[in-house]
Amino acid sequence: MAKAKQAFSQAIKINAQNFDAVHMFALCHYAEGKFEQALALIDDAIRLNNLHVEALINRGRILESLSRFDEAQASYRKAWNLAPEQSEPPHNIGRILLQVGQFDKAIIALRAAHRLNLQSPAILSDLGAALLESQYYNEAVIILRQAIAFNPAELTALQNLGTCLRNLMQTEEAAKTFHAAVAINPNYAPALINLAIIAGETGDLDAGLALLAKAQKAAPKNPEVQQTKATLLLRYEKLGEGFKAYESRFKQSARMVVEKKIDLPEWNGEDLQAKGILIWTEQGIGDEILSASMISEVKERAHNCVLACSKRLIKIFERSFPGATVVDRDKNIPPDATLQMHYHSPSLSLGRQTRRDLNDFPNHEGYLVASDTLVSDVRSNYQEHFGKKPLVGLSWHSSARYGQYKNPNLEDWIPIVSNTDVQFVSLQYGNRTADICRLEEMSGVKIINDENINPLNNMDEAMAQVAAMDLVITVSNTTAHMAGALGKSVWTLLPLGAGAFWYWFRNRTDSPWYPSMRLFRQVQAGDWSRVMQASARALQARKNIC
């Protein structure tokens, strides 16, 4: 490389207009990881010849290395305009879009690349990855199998194919695919991690931990290994080890966990008698509500407490945790709020100190408090207009990750909603009017759809609506967490395997987090019929709902 650089440098000294020498000198710097110098040189080369397709493509690669993705795309697009028959520019554009999470746009670019090169396993693999991320699992399976047919050793394609099959609940086929990847590379951590997840979901904790130990050895800096270990241990009620390992969530590539940078030491169980603590919630609303079950125990130990939560929860937290200062977690925390603070803690990290085993769970009757006035208004309004039957709230859809596992078809709800002894109320967030009309048409039963309450805009009103119910029947979503946190009688319908998050543990019909909750679990992945029939029978048998 040194000799090549010297030769190109000498050629440029002789003739500064020598495009080939400047271009190759730029590539030498790129190969050495000197991206800023490479960019300056490639720009010099393009000024000499701005129609050179390969130089424009190389400029895009250099810009990618500098994480200047918009500029890289622009360079690739210019190359594509000059050479519309080449597949590399749209492929590179698609790769960038896939990397930055613009999956639908990535699919468009990668389809264009595929039309120009039907036999490229790399293009097929990236197109399959984009289809996977957009949850087009069936098409992704077809595309990824084509990629593997052209290159059976394409590990990324095998990994993504296994993930698609698992998402389609074809667990045995998924496991075979992950094993095929491990047969090619015994130290391929992504496949080992997925095999560990499958082992955990099918009841073999020891096998799962052994696979993760192998993955850890192969990829000691991969945070997904520790995160998978954490959720596996937590799912199996190994809480002390699990919460300790769960700290790895802040190092994950997943976009759902963002660590706040706070200029305070993190609390690790120190005495808080004359101290202040800032507790900040994390992840989605449901996770915020679940982890709030630990706040009072820590708040009572401290002299001062500041809670940073989602804006929608501020009123509820102010009412539920009197004496605490509650601020918006999505804004910069005011300096005066942390003035008397000595420690901070992410809300789920409280589990390391307060939930070391199942005996640490209090038998509470609810820890969040709804507005008495709003609850009374909601309940009296429904009873005035729809009669005095017991109010049973329904929520049938989760729009969060793994929703395809957690959401029964509307038809599956018919055994429950056909009950005429109760008055059903939709607690479903989002615009689901069409769903409600279909349920009413199929069951012949009226379902109250209160369009004045929108949890996406006013969580306080939504919390009051849940509190006004006599019983809540819901899939695993925010509604389940709200009802459990309020101490309302709630039946939560859970899938088998993926979608049954770690905090529901395994095989339980109760929830240590929410003593008022009863869990109805799938026996076979994807089969909701037995869950719904069991819930319908329980509802029919329950005479004293109020």
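Each reported figure results from applying straightforward, stated rules to the coordinates on display, with no laboratory input. On a predicted model such as this, the values are computed, not experimentally measured, just so you know. Because the Cβ atoms are built from the backbone with ideal geometry, glycine has one as well, and the counts that use them run over all protein chains shown.
The label point for Glu440 and the one for Leu264, both projected 7 Å from the Cα toward the Cβ, are 4.9 nm apart. In percent, rounded to a whole number, the relative contact order of the chain is 8, using alpha-carbon pairs under 8 Å and six or more apart.
In a DSSP loop and with at most 15 other Cβ atoms within 10 Å, the trypsin sites (Lys or Arg not before Pro) in segment 162-250 are Lys221. Overall, the ratio between the Cα radius of gyration of segment 372-541 and 2.2 N^0.38 Å, rounded to two decimals, is 0.96. Treating each Cα of segment 10-73 as one equal point scatterer and applying the Debye formula with no solvent, the log10 of I(q)/I(0) at q = 0.20, 0.23 Å⁻¹ comes out as -0.69, -0.88. The residues neighbouring Leu494, those whose beta-carbon lies less than 13 Å from its own, together hold a net charge of +4 under the Lys/Arg +1, Asp/Glu -1 convention. The base-10 log of I(q)/I(0) for segment 305-405, evaluated at q = 0.10, 0.13, 0.14 Å⁻¹, reads -0.50, -0.80, -0.90 [Debye formula, identical scatterers on Cα atoms, solvent excluded].
Using the Cα gyration tensor of segment 65-136, with a ≥ b ≥ c the square roots of its eigenvalues, what is the shape: rounded (a/c below 1.5), prolate (a/b larger than b/c) or oblate (neither)? Because a/c hits 1.5 or more and a/b fails to exceed b/c, segment 65-136 counts as oblate.
Electrostatic tally near Ile143: other residues with Cβ closer than 11 Å to its Cβ, Lys and Arg +1, Asp and Glu -1, net 0. In this structure, the pairs whose alpha-carbon distance is over 23 Å, taken from Lys388/Lys446; Lys13/Lys34; Lys214/Lys244; Lys238/Lys311; Lys105/Lys229, are Lys238/Lys311; Lys105/Lys229. Restricting the trypsin sites (Lys or Arg not before Pro) of segment 67-130 to loop positions (DSSP other than H, G, I, E, B) with no more than 14 neighbouring Cβ atoms within 10 Å leaves nothing.
Taking a quarter of the surface of the Cα convex hull of segment 204-254 gives a mean projected area of 3.3 nm². Each Cα pair under 8 Å and six or more residues apart adds its sequence gap; the mean of these over the residue count of segment 2-203 is a relative contact order of 9 percent. Using a simple spin-label model with pseudo-atoms 7 Å out from Cα toward Cβ, Gln540 and Glu297 lie 4.1 nm apart.
Taking a sphere under 12 Å around the Cβ of Tyr30 and counting the other residues whose Cβ falls inside, with K and R at +1 and D and E at -1, yields a net charge of +1. If I compute volume of the Cα convex hull per residue in Å³ from the structure I just sent, which labelled value in (1) 189; (2) 168; (3) 158 lines up? Matching entry in (1) 189; (2) 168; (3) 158: (1). Here segment 276-360 is treated as an ellipsoid with the same Cα gyration tensor; its semi-axes, largest first and in whole Å, are 19, 15, 11.
Estimated at 0.36 nm per residue, the fully extended path between Asn419 and Phe150 surpasses their Cα-Cα distance by 91.3 nm.
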